1. So, in segment B:78-104, of the ones that are closer than 21 Å to residue B:252 by Cα and more than 17 Å from the chain's Cα centre (by Cα), which residue ends up surrounded by the most Cβ atoms within 10 Å (Cβ to Cβ)?
2. For a quick check of your reading of the model, give me the residue pairs whose first member lies in segment A:193-207 and is more than 7 Å from chain B (Cβ to nearest Cβ), whose second is in a loop (DSSP other than H, G, I, E, B), with beta-carbon atoms closer than 8 Å and at least 6 apart or on different chains.
3. Quick one: how many residues across segment A:27-76 are farther than 20 Å from residue A:220 by Cβ, more than 9 Å from chain B (Cβ to nearest Cβ) and modelled with pLDDT under 90?
4. In the set A:227, A:239, A:246, which member is closer than 17 Å to residue A:69 by Cβ, more than 10 Å from chain B (Cβ to nearest Cβ) and part of a helix (DSSP H, G or I)?
5. Looking at A:134, A:169, which one is without any contact (Cβ under 8 Å) to a residue 60 or more places away in the chain, away from every other protein chain (no Cβ under 14 Å) and either assigned to a helix (DSSP H, G or I) or surrounded by 23 or more Cβ atoms within 10 Å (Cβ to Cβ) (or both)?
6. Taking the stated definitions as given, is residue B:134 touching a residue at least 60 places away in the same chain (Cβ under 8 Å), in a helix (DSSP H, G or I) and in contact with a helix residue (DSSP H, G or I) (Cβ under 9 Å, 6 or more places away or on another chain)?
7. Do we find that residue B:42 is more than 14 Å from every other protein chain (Cβ to nearest Cβ), over 30 Å from residue A:218 (Cα atoms) and crowded, with 17+ Cβ neighbours inside 10 Å in this structure?
8. Identify, from the list A:142, A:179, the residue that is farther than 30 Å from residue A:101 by Cβ and surrounded by fewer than 16 Cβ atoms within 10 Å (Cβ to Cβ).
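The values are calculated or read from the model by the stated rules, or taken from the named source; none is laboratory data. Owing to the predicted nature of the structure, the values given are computational and were not obtained by experimental measurement. With ideal geometry, Cβ positions are generated from the backbone for all residues, glycine too; neighbour counts draw on all protein chains shown.
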C-alpha cells in the first residue's frame, strides 16, 4: 500500500489549485460581464463619494483635505470584498449545474477547491486595486507615503478578499443555491458601512461611533488609508493586520467546514 | 334620428369609459396586492433608504454647520427628501420589473387576448406604483419623526409631500414601464438599477448642491433627480411656500409627461408587434 508524503500532497494540492484558478480566470476572460461590475463599481464609488461628500473634509478633525484620498481606499476595499464573495456565486453556480460534484469526486485534495478559486480572486483583486488607484489618481488622489503606503492598500485589499472569499464560499457550501447570495452581499455591505467607511471616528456622532469602534472593518480601512492620510505608522497598521489575519482564519475555517459538510 | 344616434354613441362611450376605469382600478389593485403578498419585493426599498438615513445622520451630523449647508436642526431634516426619493426609485424599479415579469410569464398576452383596456394595463401598473410611492413617503416621514426630525411644512406639508411622492413614483415607473415594454425582460429592467443608483449619487440626495464644486456640481445641477428631491426638501426644512409646492408638484409632473409618453409608445409598439 502506497502512502503520500506531505510534500507530494502539497504538490498535488497546488497543481489542482492552479488548474482551478486557471479555469476561473478563463471564465473571467470568456464572460467579462461577471468581472466588469466588480471593477466598475469601485471606480464609480471612488469618484461619486469623493464628489458628493467633498465638503465633509472641511469638518474640523477630518484627516485630509482631499475627499478622494479618503473614499478611494474604501472603494478599493469594497471592490476586493465583493470580488471575494463572487467566489461564493461561482461555487453556487457550479453546484447547481453539477460541476462541483464532479470536482468533489475527483481524487484531489479538498483544500484545493478553496485555494484554487482564492488564487484567481487574488489576481482579480490586484487588477481592481491597480485600475481603481490609477483612475483615482487621475481624479486627484495623491499618495502621501510612497511605496510603503501603497503596499498597505494592496495588503488590505488582498486580506479583505481572503476574508470575503472564505465567507462567500462558507455560505455557498451551506445554502447550495442562490438564496445564499443575498446573505453574502448583505452581511458584507453592512459590515463595511457600519465602520469608518464614510467618516473617521472622531467626526461621527451617536450610535454609529460605538458600532464602528468595535467593528474590525474600521481597523482594516485604517490600514488601507495609511498611504493616503500622512505617514504610515505602526499604530495605524497593526490593528488592521490582526483583524485581517483573525478574520481570514475564521472565514477560511468556516469555508472548509462547509465544504466538508457537503460530503456528509 | 341623428340625435338618437348621438345620444346612443355618447352612452356607449360613457359605458366604455366606465368599463375601462373599472379594469384600470382592478389592475392597480392587483399591482398593490402583489407587493403586499410578496414582502421580499418591498423590504429592500423600505429598509435600505432608512439604513442610509441612519448612517448619514451619524456620519455627517457635523456637516450641518458647514458654510453653504441649509439651516437645519438635524441632518435627518435634510436627508428625509433624499430618503423618500431613494425608496421611490427602488420601488419603481420593482414596478417595472413586475410588468416585465407579466410579459415573460404570458399574463400580459392573456390580457391582450381578453377584451380589456390596453391603456388600463399601463395606467393600472403606474397607479399601483403611485400608491406605493405615496405610502413610502408617509411611512418614512412618520417613522423618522421620533428620531429628532421635524417637518416645517406641518401636516399640510406632509400631505403635499405624499402627493409629490406618488407623482415621483409615476414619473420614474413610467421610464421603467417603457423599458419593460420595450425589452420584455425583467433582467433588463433590473439592469437599469445601477444607472438609477449612479444618478442618485450624482444628485443632491445625500449632500446639498451648495457644498459641491466643479464637475460634480454641474452634474448635480442638471440631474433631474436633484430637482425631484429639492421641492420636497424645501417643504421639510423651510416650510410651505408657493415656490416649494410648485417645485414639489410640477417637476414630477413634467418628468411624468415625458416618461408616460415613452411608456405609451412602447406599449403601442408591443401591441403592434403582437
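1. Top of the filtered list is B:79.
2. As it stands, the answer is A:194/A:215; A:195/A:215; A:196/A:204; A:200/A:61; A:200/A:62; A:200/A:63; A:202/A:61, since those pairs meet every condition given.
3. Number of matching residues: 11.
4. Matching residue, one of A:227, A:239, A:246: A:227.
5. Within the list A:134, A:169, the selection yields A:134.
6. It is false that residue B:134 is touching a residue at least 60 places away in the same chain (Cβ under 8 Å), in a helix (DSSP H, G or I) and in contact with a helix residue (DSSP H, G or I) (Cβ under 9 Å, 6 or more places away or on another chain).
7. So residue B:42 fits the description; yes.
8. A:142
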